[in-house]
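Every number in this text was worked out from the coordinates using simple rules, so none of it is lab data. Keep in mind that this is a model prediction, so the values were computed, not measured. So basically every Cβ, Gly included, is an ideal-geometry build from the backbone, and we count neighbours across all protein chains shown.
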Amino acid sequence: MRTIGLLGVPTNSAGTTDGVARGPQVLREAELVDVLSRHAEVHDFGDITLPDPSPARDERSHVIDPDGLGTLVAGVRDAVAPLLEDGHLTLIIGGDCPLLLGCLAAISSRVGLLFVDGHEDAYLPEQSSTGEAADMELAFALGMADASWSPGLASLLPLVAPPDVRILGARDADILRAEGVASLRNRVALVDGERLAADPARISATACASLPDPWWFHLDLDVLSTDALPAIDYPQPGGLGWDELVAVATTALSAAPRGWDVTIYNPDLDPERVHARRIVEFIGSVIEQTAKG
């Protein structure tokens, strides 16, 4: 087992410092570092520092706090790159999904992406009903979304090519169809949540084996059912159980990604911290099984 380089990214693309932005702090309070340390050597690099966000949606970019998004991507890139250079298994705890853009930007070569998420997250900014970059990070990563309003961000895009992306677990097809938003299923390989739940280990192994090296593992915890994890902002029907997610994540980590990000836990919806402890147990179990394997 490689040493683990742990980094928190306390971001919320709604432009606030509450909700999912508090996830890294609460997961540490739930003894994440101690649990990880039972199975691997852990270097905790703390949380990156981000400027105060703005909840205003920008008229030109159609994104909430577009300057903050650019700063987030650059900050995560600059923090993650040295962890990768040092050979750590880089574990990023969020926060929400746009931090993925910085993780991909930290890998200065062709990169593959295992995208395990309950949503495709590929709205164009003008299509999003919320303006949250968490609706659209894959659209930016693939170069589908216009980022000309941010020369720094635009210079990084695209970060990944369609043949190098595998989406597992998305179950928002009906929502996209109702909103007139095109699915990515005709552009990238996609296995929906129902099919993934039927054979999570085999499907995950097939996806990982087909990715270029290096590759990154993105996990949005809303791939779980809302019964399994209600502490998320956008519940929807269906989803995986914890055992199925352990199979997916253990298979993925055993295939040696450069890094892994875990996002979207909202501690404001978990006052007793029951779900924080369950997430920590899950991450620890995956690291333990990977180390033994």
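Worth pointing out:
- Relative contact order (%) - the chain, alpha-carbon pairs under 8 angstrom, separation at least six: 23 percent
- Taken as entire DSSP H runs, the helices of the chain that both span 24 Å or more between Cα atoms along their own long axis and average 0.5 or more on the Kyte-Doolittle scale are 66-85.
- Mean separation of Cα contacts under 8 Å, 6 or more apart, over the residue count of the range 160-256: relative contact order %: 30 percent
- Listed candidates (i) 0.95; (ii) 0.90; (iii) 1.21 - label of the one calculated as Cα Rg over 2.2 N^0.38 Å: (ii)
- Top of V262, V116, V280 by mean-square fluctuation, Gaussian network on the chain, Cα under 10 Å: V280
- 3J(HN,Hα) along the range 98-114, derived from phi through the Karplus expression 6.51 cos²θ - 1.76 cosθ + 1.60 where θ = phi - 60°, amounts to x, 4, 4, 4, x, 4, 5, 5, 6, 9, 8, 6, 4, 9, x, 9, 9 Hz, with x in place of Gly and Pro.
- Cleavage-rule hits, trypsin sites (Lys or Arg not before Pro), the range 17-116, DSSP coil, Cβ neighbours within 10 Å at most 13: R38, R60, R110
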